[in-house]
1. Share of antiparallel DSSP beta bridges in the chain, in percent to the nearest 5?
2. So what's the Cα pair-distance distribution over segment 23-224, bin width 10 Å, in %?
3. Over the alpha-carbon set of segment 363-438, divide Rg by the Kirkwood Rh and report the Rg/Rh ratio to two decimals.
4. Arranged by the count of other C-beta atoms within 10 angstrom, fewest first, what order do Met355, Met125, Met150 take?
5. Placing unit charges on C-beta atoms (Lys and Arg positive, Asp and Glu negative, everything else neutral), compute the dipole magnitude of segment 265-412 about its Cα centre in debye, rounded to 20.
6. FRET efficiency for Arg276 and Asp86, Cβ-Cβ distance as r, R0 = 51 Å, nearest 0.05?
7. Per residue and in Å³, how big is the convex hull formed by the alpha-carbon atoms of segment 7-93?
8. Per-residue counts of other Cβ atoms within 10 Å, averaged by peptide: what ranking do you get for 5-17, 46-58, 338-350, 407-419, highest first?
Amino acid sequence: MPAHRFLPPKTPLTGRIRVPGDKSISHRSIMFGALAVGETRVSGLLEGEDVMATAEAMRQMGAHIEKHGDEWRIRGVGVGGLLQPDGALDMGNSGTSTRLLMGLLASHGITVAFTGDASLSKRPMGRVIEPLSQMGASFESSPGGTLPLMMRGALPAVPITYRLPVASAQVKSAVLLAGLNTPGITTVIEPVPTRDHSERMLRGFGAELDVEEADGERIIRIHGEADLKPRQVTVPGDPSSAAFFIVAALIIDGSDLVIENVGLNPTRAGLVEVLRQMGGNIEELDRREVGGEPVADLRVRHSVLTGIDVDPAVAPSMIDEFPVLFVAASMAQGTTTTSGLDELRVKESDRLAAMAAALTSAGARVEELEDGLVIEGTGGEPLRGTAASPVTTHLDHRIAMSMAVAGLASKDGVEVDDTAPIRTSFPNFMDLLEEAAA
Ligand code: S3P
């Protein structure tokens with residue numbers, strides 16, 4: 001458990017940095033490549049522990065996955081061709097690996113045990129067990145619908161029409177991936193749009209998938225017993241990783257930082273919009289397309305931020321960015337109010353409780369409500385920082401990195417109890433911090 005004290009940098013954040021590849025797109029590149037017949041090549045893949053857990057699971061079921069130079073090469077087995085793994089699939093800390101693979105394997109005639117770390121073993125799997133059971137898969141989970149669990153896939157599975165009861169791209173993707181090897185058309189109705197990487201990428205891999213908008217809902221249909229074709233994937237930089245540097249540059253006096261190659265898919269870009277509403281100076285340079293996703297270089301300059309009421313409708317497009325938004329809010333002028341964030345309680349940790357406790361111990365004024373935080377900013381003054389005891393990250397990478405950013409903008413620094421979880425999504429986070437402050 002490496003603890004670390006994050007201190008204010010000696011210089012503002014300047015220059016140009018590049019964050020690692022998008023985690024959601026990296027998981028999907030490996031999964032879809034493993035189902036295509038032939039060789040998929042992926043550049044810019046995130047080599048974090050979560051994505052490596054997906055890769056290891058796909059290897060256990062017959063895919064060949066190797067790194068050649070900067071490129072990953074995946075030789076897939078074809079839809080329906082995944083093999084019975086010898087042992088349990090260890091999903092580590094990764095909810096995305098678990099829920100998407102449960103979907104993918106639900107329509108294969110194999111029996112699979114899923115295990116994970118202490119954080120993942122607390123997270124609800126009932127949300128995927130429910131629709132996948134309707135498709136014919138059977139489950140034996142730990143009490144409360146958690147890992148470890150055993151799943152028996154159905155062959156053939158039954159196509160369903162499923163309206164998402166929670167705004168979750170993982171649940172949507174689980175059902176669509178189960179639909180890949182299911183005869184007929186599997187339909188997901190999405191009342192609130194969530195990240196659409198599965199839809200974009202499945203189409204790119206040659207699946208027949210249509211999206212229709214009706215009465216404000218998205219209706220997504222996947223045609224089963226699909227054939228996926230191998231392709232070249234270029235993974236754009238992860239906006240959820242860029243978020244830590246965006247907020248750090250905004251709150252550290254004198255900063256002027258360019259973050260290159262940041263994915264700005266509209267289903268992911270809510271944070272940039274909210275920070276601009278708060279007065280953040282974030283400029284998009286060289287907007288372009290990378291791997292079918294909108295991308296830009298972001299120039300971020302230190303700004304005086306003002307508290308706002310964050311519209312709960314933007315939550316799905318920045319669901320992973322609230323911890324670091326709370327840090328920005330704690331140094332803004334006036335009050336920031338957030339609501340509609342119940343989903344934050346079932347991430348790698350309960351992120352409302354964890355951030356309220358961590359920011360309070362660093363000197364911020366935070367009130368925790370059932371579905372959001374209300375934060376009284378310092379008006380631009382640095383936070384005090386933590387004194388005797390470190391903040392607790394609860395095996396949650398985004399709590400660790402958010403509080404690291406808080407430490408950079410504090411008087412005494414912030415001590416984080418465990419930086420190891422950062423490796424799940426952003427292995428070179430510490431190096432890039434040093435680079436930006438050099
Ligand atoms: C993800 C979806 C989101 C997000 C997670 C990645 C994905 O989870 O929090 O980090 O890749 O589909 P939910 O579907 O639970 O909101």
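What follows draws every value from the coordinates through simple rules; no lab data is involved. Predicted, not measured: the structure shown is a model, and the values here were computed from it. In this analysis, Cβ positions are derived from the backbone assuming ideal geometry, glycine residues included, and neighbour counts consider all displayed protein chains.
1. On the way: 58 of 76 bridges.
Close to 75 percent.
2. Each 10 Å bin holds this share of Cα pairs: 9, 39, 39, 13, 1.
3. Values: Rg = 13.4 Å, Rh = 13.6 Å.
A ratio of 0.99.
4. Values: Met355 31, Met125 26, Met150 14.
Fewest to most other Cβ atoms nearby, the residues stand as Met150, Met125, Met355.
5. Values: 13 positive and 23 negative charges, 100 e Å.
Using Cβ point charges on Lys, Arg, Asp and Glu, segment 265-412 gives about 480 debye.
6. Values: r = 51 Å, r/R0 = 1.00.
With R0 = 51 Å, the Cβ-Cβ based efficiency is 0.50.
7. Numbers: hull volume 10.7 nm³, N = 87.
It comes to 123 Å³ per residue, whole-number rounded.
8. Details: 5-17: 16.1, 46-58: 23.5, 338-350: 19.2, 407-419: 21.9.
So the order, starting with the most tightly packed, is 46-58, 407-419, 338-350, 5-17.
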